[in-house]
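I have placed the structure first, in the form of structure tokens, so that the comments after it can refer back to it.
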Amino acid sequence: MGIGAEDALVRVTPLSHPEKDAASIAREVLEELLSRMKIPATVELQVGEESTINLEVVGDDLGILIGRRGQTLYSIQFIVRLIVAHRLREMVPISIDVEGYRKRRREALRELALRMAEQVRTSGQSVTLEPMPPDERRTLHLVLADMPDITTISVGEGEARKVTIIPKGRT
Amino acid sequence: MRELIEYIARSIVTAPDEVKVTEEPSGEWIVLKLEVAQEDKGRVIGKQGRVAQAMRTLLRVAAVREGTRAMLEIV
């Protein structure tokens, strides 16, 4: 080894941008799932400013993919994240939306949060909202984070976890 | 329905070749039996059964699309 050997030529190929790879894998996985669920729909990759991969399912009559309180949508997202994480050996932030459901829901939650905060402020009584998935609770906490006279906490376990709005000084 | 469960299971286990899904009619229902390698069982069930529950939710959609009802058993 080494004696009389020529200089080795090493070709270095730069790794392709990991996020781009993850995004196309995520999209492909979602398409594979939809076709096996017999749902005719297309998947669009939304380019956002965050590092999260945003996928949007577009098609007709996709309510079946959303389910009660978005349960089905969350299951799809959970499975896609799991498969992509298994393939890439790391967790990748992926967010899936169907026909703008999440966007509409976020708007509705923002209004609900402000209304409930007002109620808590005037009545001095805590209000507990219905159970919500993690990102919906997060939306509520964020919307109300800057309000001076109330605080928000999450109570309960798992799927029964809900946001409570509490007047400050009574925590 | 079988292809859906097969695809998900094969994509999350360490021994995809050992994934087997069978479909058996049982009255109005179709029972899908999912078999994986012993060491992969935890992966298809998940913490607090979350993976199994999510698979069942997606299976329900596929079943509705095919005009039937389906049940998933992990054996």
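Might you check whether a residue that is part of a helix (DSSP H, G or I), surrounded by fewer than 13 Cβ atoms within 10 Å (Cβ to Cβ) and within 14 Å of another protein chain (Cβ to nearest Cβ) occurs anywhere in segment A:26-47?
No, that holds for no residue.
If A:ILE76 satisfies all but one of (1) part of a helix (DSSP H, G or I); (2) at pLDDT below 95, what's the number of the condition it fails?
Result: A:ILE76 passes all but (2).
Please identify the pairs in which a residue from segment B:56-71 that is in contact (Cβ under 8 Å) with a residue 24 or more places away in the chain has its Cβ atom under 8 Å from the Cβ atom of a residue that is among the acidic types (Asp, Glu) and outside any helix (DSSP H, G or I), counting only partners at least 6 apart or on another chain.
Matching pairs, first to second residue: B:THR68/B:GLU28; B:ARG69/B:GLU28.
Answer yes or no: is there a residue in segment A:134-147 that is surrounded by fewer than 15 Cβ atoms within 10 Å (Cβ to Cβ), more than 28 Å from B:GLN53 (Cβ to Cβ) and away from chain B (no Cβ under 14 Å).
yes
For segment A:58-67, give me each residue that is more than 14 Å from the chain's Cα centre (by Cα) and either within 17 Å of A:VAL92 (Cβ to Cβ) or within 14 Å of chain B (Cβ to nearest Cβ) (or both).
Those that are more than 14 Å from the chain's Cα centre (by Cα) and either within 17 Å of A:VAL92 (Cβ to Cβ) or within 14 Å of chain B (Cβ to nearest Cβ) (or both): A:GLY59, A:ASP60, A:ASP61, A:LEU62, A:GLY63, A:ILE64, A:LEU65, A:GLY67.
Every residue in segment B:21-75 that is within 14 Å of another protein chain (Cβ to nearest Cβ) and exposed (fewer than 14 other Cβ atoms within 10 Å of the Cβ), please.
B:GLU23, B:GLY42, B:LYS47, B:GLN48, B:GLY49, B:GLU66, B:GLY67, B:THR68 - these are the residues of segment B:21-75 that are within 14 Å of another protein chain (Cβ to nearest Cβ) and exposed (fewer than 14 other Cβ atoms within 10 Å of the Cβ).
Facing chain B (nearest Cβ under 9 Å), touching a residue at least 12 places away in the same chain (Cβ under 8 Å) and more than 15 Å from the chain's Cα centre (by Cα): is that true of A:ILE76 in this structure?
So A:ILE76 does not fit the description; no.
Just to be sure before I move on: is A:ARG87 touching a Leu at 6+ places or on another chain (Cβ under 7 Å), within 14 Å of chain B (Cβ to nearest Cβ) and of a type in the set (Lys, Arg) in the structure I sent?
no
Need a quick list: strands (runs of 3 or more DSSP E) entirely within segment A:85-171 having at least 1 residues that are closer than 30 Å to A:GLU31 by Cα.
Strands (runs of 3 or more DSSP E) meeting the threshold: A:94-98.
Given the criteria without any contact (Cβ under 8 Å) to a residue 12 or more places away in the chain and within 13 Å of chain B (Cβ to nearest Cβ), does A:GLY70 qualify?
Taking the combined requirement at face value, the residue does not satisfy it.
The values are calculated or read from the model by the stated rules, or taken from the named source; none is laboratory data. Predicted model only: the values in this text are computed from it and were never measured. With ideal geometry, Cβ positions are generated from the backbone for all residues, glycine too; neighbour counts draw on all protein chains shown.
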